[in-house]
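The values are calculated or read from the model by the stated rules, or taken from the named source; none is laboratory data. Predicted, not measured: the structure shown is a model, and the values here were computed from it. Cβ placement follows ideal geometry from the backbone for every residue including glycine, while neighbour counts extend to all protein chains displayed.
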């Protein structure tokens with residue numbers, strides 16, 4: 001088991017090393033002739049105004065919040081999924097199914113709630 | 001692989017070397033072979049093939065100069081990018097800017113640990129295989145967001161944010177479709193899932209019941225969106241965002257993003273093949289029993305062709321469909337695919353209560369019903385169109 005997981009470590013190291021070695025070889029071969037114009041931020045030929053690090057749309061944040069809830073739900077169902085066939089064979093399947101149904105149902109209500117509230121619309125209509 | 005190395009050590013091939021050192025060398029060698037003999041040429045040839053396929057579909061020629069039919073184009077591109085000047089804008093966050101390609105590439109390469117090539121050809125058959133793939137491929141989004149943020153460019157930031165929102169949204173339908181198969185297989189290991197299926201199409205999880213059939217398409221659509229492929233390529237939309245999160249990248253760093261993108265296409269195909277299409281299962285022919293070598297080759301070719309078929313489909317879709325808008329993208333995911341995938345999940349779980357000897361007949365009946373409903377639907381649509389035709393003719397704006 002440890003042997004199998006050590007492979008993951010090796011692949012991680014190789015992935016990082018491959019990029020690093022290639023960039024290093026490139027550094028030795030490629031020209032380096034920096035100029036102020038070359039190093040300026042690209043904005044379709046116009047001189048760029050201001051920094052790009054500004055406030056961005058709150059939508060992205062909401063999407064991330066809904067995502068976390070569902071992803072945690074999926075993570076919790078994974079262990080049940082692996083033993084579910086055994087549960088059916090031992091006759092406890094129906095109970096497990098009802099539990100899964102309730103678990104999914106509660107979170108699904110959350111999705112319906114945010115849908116009704118209009119949070120799934122990219123451009124939210126504000127009631128006037 | 002561990003058993004094979006143990007055998008070599010027993011045979012005295014590495015006399016005087018500690019066991020751990022032999023293991024480490026073996027693992028490094030295996031990883032290096034996978035990277036240099038499979039992943040790198042695969043991503044390269046895919047990039048060439050994609051351009052050729054598009055060109056063919058758009059009545060152009062495409063790259064055909066380097067090597068026979070231009071097949072060595074990817075090597076020429078690699079050398080060109082290696083020799084290009086590398087520019088890091090002064091306004092950028094230099095550390096994050098140079099770290100981003102590492103993370104994207106690492107997240108993509110790590111998936112190949114558990115992707116099977118054949119019955120015994122796999123780097124490591126982890127017992128959490130499919131969950132592990134979901135986990136490491138999500139690392140790509142961190143890299144992309146990092147690239148978009150660190151560039152300090154408005155195009156890049158928009159591209160990175162869109163990409164993050166898109167990838168995490170489509171993670172849900174993809175994860176739930178995977179979950180369906182885990183329920184059926186009862187294991188997370190890639191080889192275990194393949195062994196739960198048979199070589200014949202009717203033994204595949206794709207045709208196990210109508211819910212998994214729908215789940216396959218949900219998975220493939222969601223995976224295309226996770227791979228930032230057309231019609232979901234708004235993070236790099238050329239016509240609106242210049243090049244999205246890679247706007248400020250050049251040379252080798254730029255190349256690694258696309259290396260990962262083209263390689264990810266194969267990962268998508270391989271996971272779809274493993275979960276739904278029977279993986280490397282080949283018919284139990286007599287010639288395979290005598291020669292394990294031939295069996296291994298047949299399994300490798302079967303798996304590769306099945307997986308590459310979906311790479312081709314992705315190219316085909318890219319040449320066919322226009323790009324969707326960002327609000328359409330989000331509503332497609334949250335209002336259609338997420339509810340649908342949960343319905344399919346509960347349907348699959350409910351289907352498991354059908355006794356084993358009745359499953360096939362139940363499934364066939366449900367498929368038949370589905371086909372009948374579809375045919376009736378299209379007949380009705382045709383009827384309505386024929387009815388509406390005179391009106392359409394006189395009032396073309398309807």
Exercise. Please work out if residue A:10 is within 7 Å of chain B (Cβ to nearest Cβ), farther than 24 Å from residue B:145 by Cβ and part of a helix (DSSP H, G or I).
Key: yes
Quiz item: Is it the case that region B:98-117 has a residue that's surrounded by fewer than 20 Cβ atoms within 10 Å (Cβ to Cβ), in the same structural domain as residue B:307 (by TED's automatic domain parsing) and part of a helix (DSSP H, G or I)?
Solution: yes
Quiz item: Is it true that residue B:134 is under 21 Å from residue B:187 (Cβ atoms) and under 22 Å from the mean Cα position of the chain (by Cα)?
Solution: yes
Quiz item: With B:62, B:44, B:26, B:67 as the choices, which residue is within 13 Å of chain A (Cβ to nearest Cβ) and surrounded by 12 or more Cβ atoms within 10 Å (Cβ to Cβ)?
Solution: B:26
Quiz item: Has region A:111-127 got any residue that is exposed (fewer than 14 other Cβ atoms within 10 Å of the Cβ) and within 7 Å of chain B (Cβ to nearest Cβ)?
Solution: yes
Self-check item: Matching entry among B:340, B:332, B:345 (being crowded, with 21+ Cβ neighbours inside 10 Å and more than 19 Å from the chain's Cα centre (by Cα))
Solution: B:345
Quiz item: Is there a residue being more than 30 Å from residue B:157 (Cα to Cα), exposed (fewer than 13 other Cβ atoms within 10 Å of the Cβ) and modelled with pLDDT of 80 or more anywhere in region A:64-79?
Solution: yes
Quiz item: Can you tell me how many residues in region A:99-110 are more than 10 Å from every other protein chain (Cβ to nearest Cβ) and buried (at least 16 other Cβ atoms within 10 Å of the Cβ)?
Solution: 0
Quiz item: Quick check: anything in region B:226-234 in a helix (DSSP H, G or I), within 13 Å of another protein chain (Cβ to nearest Cβ) and within 20 Å of residue B:178 (Cα to Cα)?
Solution: yes
Practice problem: Could you tell me which of the residues A:52, A:96, A:81 is at the interface with chain B (Cβ under 7 Å from one of its Cβ atoms), in a helix (DSSP H, G or I) and touching a helix residue (DSSP H, G or I) at 6+ places or on another chain (Cβ under 6 Å)? | Solution: A:81
Self-check item: Pairs where the first residue, in region A:72-100, is not assigned by TED's automatic domain parsing to the domain that holds residue A:110 and the second is assigned to a helix (DSSP H, G or I) and buried (at least 18 other Cβ atoms within 10 Å of the Cβ), C-beta under 9 Å, 6+ apart
Solution: none
Quiz item: Which condition number in (1) part of a loop (DSSP other than H, G, I, E, B); (2) surrounded by 15 or more Cβ atoms within 10 Å (Cβ to Cβ) is the one that residue B:85 fails?
Solution: (2)
Quiz item: Given (1) at pLDDT 80 or above; (2) facing another protein chain (nearest Cβ under 8 Å); (3) under 27 Å from residue B:105 (Cα atoms), where does residue A:1 come up short, assuming only one miss?
Solution: (1)
Practice problem: Answer yes if at least one residue in region B:309-323 is within 14 Å of chain A (Cβ to nearest Cβ), within 27 Å of residue A:67 (Cβ to Cβ) and either in contact (Cβ under 8 Å) with a residue 24 or more places away in the chain or buried (at least 18 other Cβ atoms within 10 Å of the Cβ) (or both), and no otherwise. | Solution: no
Exercise. Identify the single condition in (1) in contact (Cβ under 8 Å) with a residue 60 or more places away in the chain; (2) more than 8 Å from every other protein chain (Cβ to nearest Cβ) that residue A:59 does not satisfy, given that it satisfies every other one.
Key: (2)
Exercise. Taking residue B:235 as meeting all but one of (1) buried (at least 23 other Cβ atoms within 10 Å of the Cβ); (2) over 19 Å from residue A:44 (Cα atoms); (3) over 16 Å from the mean Cα position of the chain (by Cα), write down the number of the exception.
Key: (2)
